[in-house]
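**Student:** Okay, here's the structure, questions in a sec.
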Amino acid sequence: MKLPYNGSMGALKQSLRDLHGHRKEIPFLLFLATGVLLAGLSLPILTVEKTVFWRHWENHYSVFIGIIELAKGGDWLLASILFFFSMVFPFAKLFMLAVLWYSEWTKQQREKALHWLGLLGKWSMLDVFVVAIFIVAAKLRGLTEVQPRIGIYIFCLAIILSMLTTMAIEKLAQQKT
């Protein structure tokens, strides 16, 4: 049996799962948020329809395809920002939440990690905001029709599930055991 003490510091190390193992919604929320995020990134978030004279084009864009198209078009800064905030950060956040749930940390280590997640979490809706700006900008052009698709709603749901999971883990981390 492994001792829950760190020999050098003497601080009690336990996982939140060990402390709150009866809370089965946390692993479920982590799994659900990850699955919904994958769906939200791959499903079309918008459809762009263009009509010029007699020709009609219709393109469907997911977050992933949108990032690739921005990079191909030379918009590296915007592509990088969307890649980081839409793909890297949400998965890193969910991974960190899973580490917080399953790994044995001291209370101080958990509080520090949650503090950083809280600071970074303030940016979690940036990508949804950027997509909304794209939709509005395209609609203002006149020759282009842009329609939001199911992917944007699924993606928003993934962000909300991630935020709910973070709040639940923060609440459990603050409880006295």
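**Student:** Can you list residues from other chains, or at least 5 along the same chain, whose modelled amide H is less than 5 Å from the amide H of R149?
**Tutor:** Under 5 Å from the amide H of R149 lie the amide H atoms of L46, T47, each far enough along the sequence or on another chain.
**Student:** Additional query: If contacts are Cα pairs under 8 angstrom and at least 6 residues apart, what is the relative contact order of segment 34-74 in percent?
**Tutor:** With pairs under 8 Å counted, the relative contact order is 35 percent.
Read-outs throughout are calculated quantities, based only on the coordinates presented, and are distinct from any laboratory measurement. Since this is a predicted model, take the numbers as computed values, not measurements.
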